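Working notes, beginning with the structure itself.
The values are calculated or read from the model by the stated rules, or taken from the named source; none is laboratory data. Since the structure is predicted, the reported quantities are computational estimates derived from the model, not experimental observations. Cβ placement follows ideal geometry from the backbone for every residue including glycine, while neighbour counts extend to all protein chains displayed. Only protein heavy atoms, including side chains, enter the accessible area calculation; ligands, DNA and RNA are left aside. Shrake-Rupley method; radii C 1.70, N 1.55, O 1.52, S 1.80 Å.
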Amino acid sequence: LARRAGAATIVPELRVGISAADRDAVAELPEGPIIVHLGPRWTAAASSTESLLALFRELRPLGRPLVATYGGDATSLADAVRRAGVAEQVVGGLTFGQWAAAFERAACVVTIDTGATHVASAMRRPVVVLFEHKYFRLNSAVVSACHTFAGVAAT
């Protein structure tokens, strides 16, 4: 499809450029954490802030540091995670490159259906994606196709 659209060079892997400055900006994050990316859809349907906090508590026995990342649309969720003390660090205000560098440090990324899915895949990190039931089939097919194309087998 890309060739038919006129692309002269095909790059089959997802890639995100990360600078040394991006990596330096997130160097205080622990190595190998589980990163949970927060977004408003965590609580938009049948879920709640309390169920999100419960997820953090259920991840704790895995023995990895827990880090929450968030954008400007999820500050109230980030505040709730901070107040509950369920994550070692809650990090927002990152540039795109810094966000990708944070994911590069992760053992795993847990997210709802957001761009975080694709950034984590580009960083070659395992991703657990929680889909809203009504979109599960559509999103599963899209994610599977994107990540298989990127050379990462989606399950």
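Where the accessible area of segment 50-99 is counted over protein heavy atoms with a 1.4 Å probe, how much of it, in %, is carbon and sulfur?
Details: 1350 of 2570 Å².
Result for segment 50-99: 52 percent of the exposed heavy-atom area is carbon or sulfur.
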Out of SER47, ILE35, VAL67 - ranked by how far each Cα lies towards the positive end of the dipole of segment 18-71, with unit charges on the beta-carbon of charged residues - the top one is SER47
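Roll a 1.4 Å probe over the protein chains and send me the accessible area per residue for segment 1-90 in Å².
Numbers: 5250 Å² over 90 residues.
Here the residues of segment 1-90 average 58 Å² of exposed surface.
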Under 5 Å from the placed amide H of CYS108, counting only residues 5+ away or on other chains, we find ILE35
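Write down the percent of antiparallel bridges among all DSSP beta bridges whose residues are both part of segment 1-99, to the nearest 5. Walk me through the numbers on the way to the answer.
Values: 0 of 9 bridges.
DSSP beta bridges in segment 1-99 are roughly 0 percent antiparallel.
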With every protein chain kept in place and a 1.4 Å probe, the residues GLU28, GLU58, GLU104 fall, from largest accessible area down, as GLU58, GLU28, GLU104
Once ARG124, ARG105, ARG3 are ranked on solvent-accessible area with the largest value leading and a 1.4 Å probe, the list reads ARG3, ARG124, ARG105
When every protein chain stays in place and a 1.4 Å probe is rolled, SER51, SER121, SER76 sorted by accessible area with the largest first are SER76, SER51, SER121
